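The values are calculated or read from the model by the stated rules, or taken from the named source; none is laboratory data. This one's a predicted model, so the numbers in the text were calculated from it and none came from an experiment. With ideal geometry, Cβ positions are generated from the backbone for all residues, glycine too; neighbour counts draw on all protein chains shown. The accessibility values were calculated without ligands, DNA or RNA, using every heavy atom of the protein model including side chains. Shrake-Rupley method; radii C 1.70, N 1.55, O 1.52, S 1.80 Å.
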Amino acid sequence: WQKVLYERQPFPDNYVDQRFLEELRKNVHARRYRYRAVVFQSGAVVQQLCSVCVFVVTWWYMDAGMLSPQGLFGAALVSSLLGYILFDAVDGGAGRQESGRTRWADLKSTLVFAAFTYGFSPVLKTLTESISTDTIYAMSALMLLGHLIFFDYGANAAIVSSTLSLNMAIFASVCLASRLPRSLHAFVMVTFAMQIFALWPMLQKKLKAQTPRCYVGVTVLFALAALGGLATVSSVGAVLFASLLVAISCLCPYCLIRLQQLKDNIHGPWDEAEIKEDLSRFLM
């Protein structure tokens, strides 16, 4: 018997001999994970959860009148300047040289965004007057959940969409800002949303790539700050949120490592043929 179909043989087409299972291979392309590496990668999820938590707590403080828009704008401005300096200092300005973008271009983009946001803040304030508050809260919660689902955590998956994730976060910020007392509150809230949902992840990605130890430290401090802010609003919520962070950063990686040992993918002569030769020359 020969494993060919172009010769007539006294065997059916689906016949196999005793050597069939000799070519069986298991877990050929399976990846082996280390617990510390998985915990390190889970920091991106923890960061985004804390970002959403900080944003919601900040909105709550402004809605309750416990935080002035001037104070939030000043703090956000100072933190943005520090983050801007750190962003260039991490890699010595190599990323800026590769992109060819100047500081003057960054300043112009910032001024244009601030001017347009401030000019349209009265519109943002009255944009959802005809919609009930409960509906606004429900839409904001769904948009923030969608932001977390579609955010780029570094995985190469079809569901990942950085643009959609950012748009959903900004839409949630506009909805929540429309329930604040004044137009200035709405302007500061949308500006703060851009900083924490657009600029902050960019800095974190660079820290993760250039200085992993600094990235871990910043992640821990950011998580503690988010828990501290949430504890001032709800102690029960802080406990539940802390449990969620521990589950994502410690328990889920442990479960992944344990389940990886049970992985049993088989490969053999029954697999579909893969053409590894470069066929682009036939397309000319």
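Considering only the stretch 78-93, state which residues are in contact with a helix residue (DSSP H, G or I) (Cβ under 9 Å, 6 or more places away or on another chain) and free of Cβ contacts under 8 Å to residues at least 40 places away in the same chain.
At the first step, the residues of the stretch 78-93 found to be in contact with a helix residue (DSSP H, G or I) (Cβ under 9 Å, 6 or more places away or on another chain) are 79-80, 83-84, 86-88, 90-91.
Selection gives Tyr84, Asp88.
Can you run down the residue pairs with Cβ atoms below 8 Å, 6 or more apart or on separate chains, where the first is in the stretch 205-219 and touching a residue at least 12 places away in the same chain (Cβ under 8 Å) and the partner is polar (S, T, N, Q) and surrounded by 18 or more Cβ atoms within 10 Å (Cβ to Cβ)?
Tyr215/Gln204; Val218/Gln204; Thr219/Gln47; Thr219/Gln204
Restricting attention to the stretch 123-173, which residues are in a loop (DSSP other than H, G, I, E, B) and crowded, with 19+ Cβ neighbours inside 10 Å? Reasoning before the result, please.
Of all residues in the stretch 123-173, those in a loop (DSSP other than H, G, I, E, B) come to 127-132, 151-161.
Answer for the stretch 123-173, where residues must be in a loop (DSSP other than H, G, I, E, B) and crowded, with 19+ Cβ neighbours inside 10 Å: just Phe151.
Within 18 Å of Ala186 (Cα to Cα), in a helix (DSSP H, G or I), touching a helix residue (DSSP H, G or I) at 6+ places or on another chain (Cβ under 8 Å) and free of Cβ contacts under 8 Å to residues at least 40 places away in the same chain: is that true of Phe116 in this structure? Full working, then the answer.
On the way: within 18 Å of Ala186 (Cα to Cα): yes; in a helix (DSSP H, G or I): yes; touching a helix residue (DSSP H, G or I) at 6+ places or on another chain (Cβ under 8 Å): no; free of Cβ contacts under 8 Å to residues at least 40 places away in the same chain: yes.
For Phe116, the condition - within 18 Å of Ala186 (Cα to Cα), in a helix (DSSP H, G or I), touching a helix residue (DSSP H, G or I) at 6+ places or on another chain (Cβ under 8 Å) and free of Cβ contacts under 8 Å to residues at least 40 places away in the same chain - is not met.
Among residues belonging to the stretch 29-83 that are more than 24 Å from Gln204 (Cα to Cα) and of a type in the set (Gly, Ala, Ser), point out the one that is surrounded by the most Cβ atoms within 10 Å (Cβ to Cβ).
Initially, the stretch 29-83 is screened for residues more than 24 Å from Gln204 (Cα to Cα), giving 29-32, 60-71.
Restricting the remaining residues to those that are of a type in the set (Gly, Ala, Ser) gives 30, 64-65, 68, 71.
On the way: Ala30: 11, Ala64: 9, Gly65: 10, Ser68: 14, Gly71: 12.
Looking at the filtered set, the residue picked out is Ser68.
If only one of Ala30, Ala37 is modelled with pLDDT of 85 or more and of a type outside the set (Val, Ile, Thr), which one is it?
Working: Ala30 fails: modelled with pLDDT of 85 or more.
So the residue among Ala30, Ala37 that is modelled with pLDDT of 85 or more and of a type outside the set (Val, Ile, Thr) is Ala37.
Just name the residue that is nearest to the chain's Cα centre (by Cα) out of those in the stretch 93-118 that are more than 17 Å from Leu81 (Cα to Cα) and open to solvent by less than 60 Å² (accessible area, probe 1.4 Å).
By that ranking, first place goes to Gly95.
Which one of Gln260, Gln210, Gln195 is open to solvent by less than 50 Å² (accessible area, probe 1.4 Å), at pLDDT below 95 and closer than 30 Å to Arg31 by Cβ? Quick ask: steps written out before the conclusion?
Working: Gln210 fails: open to solvent by less than 50 Å² (accessible area, probe 1.4 Å); Gln195 fails: closer than 30 Å to Arg31 by Cβ.
Testing whether each residue is open to solvent by less than 50 Å² (accessible area, probe 1.4 Å), at pLDDT below 95 and closer than 30 Å to Arg31 by Cβ leaves just Gln260.
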